[in-house]
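What follows is a single structure, written as structure tokens, with notes after it.
The values are calculated or read from the model by the stated rules, or taken from the named source; none is laboratory data. In this text the structure is predicted, and so the values were computed from the model without any measurement. Backbone-built Cβ (ideal geometry, glycine too); neighbour counts: all protein chains shown. We work out accessible area using only protein heavy atoms, side chains counted, and drop any ligands, DNA or RNA first. Shrake-Rupley method; radii C 1.70, N 1.55, O 1.52, S 1.80 Å.
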Amino acid sequence: MARRSLSEQTFLILTALAAEPLHGYGIVQSTLALSDGEVTLKVGTLYGALDRLCADGLVEPDREETHQGRARRYYRITDSGMARLVAEAKRRSRQADAALRRTGVVARAGEASA
Amino acid sequence: MSYRRLLRVLPTWYQERYADEMVEVHRATGARVGPGEVAATLRLAVSTRLGRAGRPSTTTLWFVALAAVTALAAGAALSTVSALQVRLDDAGRGWQMDPSGRLRETGSGWDAYELLASVGLYRVAWIVVLLLLLCGSRRAALVLGLVTAALDLSAGLGPLLSRDSAFLEVALARSDVRAALLPVLALGALALVGREAPAPAARRRAAVSAATVVALYAAGPLSAVSGAMLVWGDGTLWPTTAVAVALAAVFVILAARCLDPAWAATVFVLALTAVLAGPLPGTPDRTGGPDGIAGNVLLALAAAALAALAWVASTGRRAPAHLAGESSRRRVAAG
């Protein structure tokens, strides 16, 4: 059975965690930067996605730090999370390439540069 | 509305674990509590209560399969006993015409093969499926259950596929389709259980099966309670209603505090199945008239509502298994 593709928000969260473990606010900032300001995660959405990703074994809690008297929980991507992210990135890349070829954008861009 | 107040819709275990962190993140983003945040938090409240973001736990799947197969096995056992009684009653009434043209009593009214054939051999196999589940053999139970259900379904669909289907009563065809819901539910639950997932303890498996038998036994008298029996001497319903509501509240509180959420989830699934499929095998079929149908549907809906309440309340108190060991992870004080 085909595996369900990741939602855009989940994809961005995994991408944000691929570089280094992050805490909640760090993930919100990173996804905002990765999406060029298009995706602002709601806090409820972020923690719902983290709950699902933890349950699926794609993300796990890394450590807790105390920052200005408040606890910050860091999350990190697991090996299976990294494999899933790579597979999803390749799938999205193939689809994007196909769409650009079909619409002629890639060919026109090639002609312009020549 | 403050964000911390909004977080009160989340389960208790979730608030204890994440509320401070979520408030911190929300404060850092500098956003106001708008409709989008309210909707996201409400979605989170639902998904955390349904467990693993909406997916049933392995224990729930095992319980649903056990309860459904117990109901099927109970139905098969009752059919067999009933057929056996009829044959025993008729045992001495076998008659044969002798060469002189007189009727002669033979006393051989039945045999074992004829008895099993009349009940349906495939239905008796549900008892074996139940025994396999009680022993913890999920795969063997699934294989035998699939064969049994296939035979059951083909027997039900036989008239539909034959040339005489034009004469088939619509009510009978509908009844066959509804009867397939319980096997589909049992086998679907078994198939969804992960191959590596451990079975619940033998004692819990036996308890679910026993509880199902008790519930099926109790369903008979309960479904016989009509509206007229609830009316008191002065013609009012409220004293009975008050007692029923109080008993229901006690059930929900006890279930939420004492039982695994999987129990309430199982009752919820089975009650909804009873609404769709009619009386479960083993329970008295009182669908003869509109009153009977309405009574059964109301009973199943009430059970579903109570179980849903108990389920929501109980899942709010317990952290899911994948977070159970998190407290042992390392803490770093960064100042």
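For B:Val267, the solvent-accessible surface with a 1.4 Å probe is about 70 Å², rounded to the nearest 10. For B:Ile127, the accessible area of its heavy atoms, probed at 1.4 Å with every protein chain present, is near 60 square angstrom. Separation between the A:Lys90 and A:Thr66 pseudo-spin-labels, each 7 Å from Cα along Cα→Cβ, expressed in nm? Going by the 7 Å Cα→Cβ label model, 4.6 nm. With r defined as the distance between the Cβ atoms of B:Val275 and B:Cys135 and R0 fixed at 22 Å, what FRET efficiency is calculated, to the nearest 0.05? Computed FRET efficiency for B:Val275 and B:Cys135 comes out at 0.10.
For region B:5-18, 3J(HN,Hα) computed residue by residue from phi via the Karplus equation (6.51, -1.76, 1.60; θ = phi - 60°) reads 5, 4, 5, 5, 6, 7, x, 4, 4, 6, 4, 4, 7, 10 Hz, glycine and proline entered as x. With a 1.4 Å probe rolled over the protein heavy atoms of all chains, the accessible area of B:Ser47, A:Ser93 falls in the order A:Ser93, B:Ser47, largest first. Take the Cα of A:Val105, step 7 Å toward its Cβ, do the same at A:Ala33, and the gap between the two points is 2.5 nm. The relative contact order of region A:1-88, computed from alpha carbon pairs under 8 Å that lie at least 6 residues apart in sequence, is 33 percent. Listed values for region B:138-143 are Karplus-derived 3J(HN,Hα) couplings in whole Hz (6.51 cos²θ - 1.76 cosθ + 1.60, θ = phi - 60°), namely 5, 5, 4, 5, 5, 5, and x replaces Gly and Pro. For chain A, the longest principal axis of the Cα atoms and the long axis of helix A:79-103 meet at an angle of about 30 degrees.
Buried accessible area between A and B (1.4 Å probe, both chains summed, ligands and nucleic acids excluded), in Å² to the nearest 100? That pair of chains buries around 2700 Å² in total. Computing FRET efficiency as 1/(1 + (r/R0)^6) for B:Val86 and B:Arg257, where r is the C-beta to C-beta distance and R0 is 56 Å, gives about 0.75. Between B:Leu78 and B:Ala150, the distance separating the two model label sites (each 7 Å from Cα on the Cα→Cβ line) works out to 2.9 nm. For A:Lys42, A:Lys90, the ranking by accessible surface with the largest value first comes to A:Lys90, A:Lys42, using a 1.4 Å probe.
Surface listing: A:Arg70, B:Arg27 arranged by accessible area from highest to lowest gives B:Arg27, A:Arg70, probe 1.4 Å. Backbone amide hydrogens, once placed in the peptide plane, bring A:Arg76 within less than 5 Å of A:Glu60, A:Asp62, excluding anything fewer than 5 places away on its chain. Accessible area per residue was computed with a 1.4 Å probe on protein heavy atoms; B:Cys135 scores about 100 Å².
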